[in-house]
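Heads up: the structure comes next, in structure tokens.
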Amino acid sequence: MSPVPRSALARFARDITRRAVAAVAALALSACGGGSEKSESKPSGEAGKTSAAFPVTVEHKYGSTTIDREPKNVVTLGLSDQDAVLALGVKPVGAVDWFKEEPYGKWPWVKDRWGSAPPRIVGERDEYNVEKIAALKPDLIIAQYSGMKEEQYDTLSRIAEVVAQPKGHEDYQAPWQDMSRQIGKALGKSAEAEELIAGIDARFEAVRDKHPEWKGKTVTVGEPYEPGKFSAFSPKDPKVAFLTEMGFTTSDTYRAALGEENVADLSFERFDVMEADRTVWLGTPDTEKALKADPLYQKTKANQENRHLFLPYDSPDIGAALSFNTVLSIPYAIDHVVPMLEAVP
């Protein structure tokens, strides 16, 4: 099998254990101490000074955070957190980079919301530039879809109030509803967040009503990343969660292969893990061509019975929308994925 290009988003799934905060902690402290729908989102620096919603206390992985006043400068450190913040009418002043993908402009479901006020990039994945964060003088830092460590939380808490990952979930496995609620509460916009969630839930309910035959059907999601190897994504991963909200489920074999991991690296000899009523692969047109040409894959039932589905990460940005799985990206994903699923026998 010829080499399979490995997408930037797939690299994320495999590199989420990278951490880097200790080396910049001292800089952060000194910087802190001397730190002198298509509706228009306003920069967080223009948010109202007071609100009846405050103070609010948000519980999270590392305890709880009380926010006394409506935030003026919001920095998002979760890889998709900016979507919910933008959907609630606030523009973050800082965000982390999705692998050089320009989080402020690339994706079709969000680019118009940034307008002429893009955020400053303050890190990549879970590697935060604490000095840049401090320079923005945030009064709220949000890290929901992230792998923030406790020492990072402690350091950043010296700069501003920090709302870390939802408690009770592994990193990158919290449901989009939980993360949206956390963000809504932190911004003093819980009612608005609930409206967004209800709207998305209604979209999924409409899909389930239209396709009752999908209920209980099994699904798997993976991506080839080099010759002879592929990644399989956890049932709690956003990409799989998106499909299960349409009525699909995962098999015992698939769940056992993943365990508590967000992603499992497997050889092509383990294509049995991917056998399902719908086998979904992410990647590029070259990925699809190379996989279909592989002798081991040609023997799978998914291939022989044409029960597989290949979703591109971009052009259109379907795989990216599944990876985000936010209140903004989900409608885009539903519009593109449902017709493709309907075409699978």
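The values are calculated or read from the model by the stated rules, or taken from the named source; none is laboratory data. Just so it is clear, the structure is predicted and the values come from calculations on it, not from any experiment. Here Cβ is always computed from backbone atoms with ideal geometry, including for glycine, and neighbour counts include all displayed protein chains.
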Among the candidates Glu70, Glu150, residue that is more than 29 Å from Asp317 (Cα to Cα) and in contact with a Leu (Cβ under 9 Å, 6 or more places away or on another chain): Glu70
Test result for Asp178, in the same structural domain as Leu77 (by TED's automatic domain parsing), surrounded by fewer than 20 Cβ atoms within 10 Å (Cβ to Cβ) and touching a His at 6+ places or on another chain (Cβ under 9 Å): yes
Every residue from segment 129-164 that is buried (at least 24 other Cβ atoms within 10 Å of the Cβ), within 20 Å of Asp68 (Cα to Cα) and in contact with a Ser or Thr (Cβ under 7 Å, 6 or more places away or on another chain): Ile142, Val162, Val163
Residue match in segment 38-54 (condition: of a type in the set (Asp, Glu), modelled with pLDDT under 50, surrounded by fewer than 17 Cβ atoms within 10 Å (Cβ to Cβ) and touching a strand residue (DSSP E or B) at 6+ places or on another chain (Cβ under 9 Å)): yes
Filter result (touching a helix residue (DSSP H, G or I) at 6+ places or on another chain (Cβ under 7 Å), surrounded by fewer than 24 Cβ atoms within 10 Å (Cβ to Cβ) and within 19 Å of Ile330 (Cα to Cα)) within segment 87-101: Leu88, Glu101
Top-ranked residue of segment 262-286 - restricted to ones that are part of a helix (DSSP H, G or I) and more than 21 Å from Pro238 (Cα to Cα), ranked as nearest to the chain's Cα centre (by Cα): Pro285
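Among the residues of segment 123-146, is there at least one that is of a type in the set (A, V, I, L, M), in a loop (DSSP other than H, G, I, E, B) and touching an Asp or Glu at 6+ places or on another chain (Cβ under 9 Å)? Give the derivation first.
So in segment 123-146, the residues of a type in the set (A, V, I, L, M) come out as 130, 133-136, 140-143.
If we keep only those that are in a loop (DSSP other than H, G, I, E, B) too, we end up with 136, 143.
From the residues that got through so far, the ones that are touching an Asp or Glu at 6+ places or on another chain (Cβ under 9 Å) too are 143.
Yes: segment 123-146 contains one or more residues that are of a type in the set (A, V, I, L, M), in a loop (DSSP other than H, G, I, E, B) and touching an Asp or Glu at 6+ places or on another chain (Cβ under 9 Å).
What helices (runs of 4 or more DSSP H) completely inside segment 288-345 contain at least 3 residues that are touching a helix residue (DSSP H, G or I) at 6+ places or on another chain (Cβ under 7 Å)? Please lay out each step first, then the result.
On the way: elements: 295-298, 301-304, 318-324, 329-342.
Ranges flagged: 318-324, 329-342.
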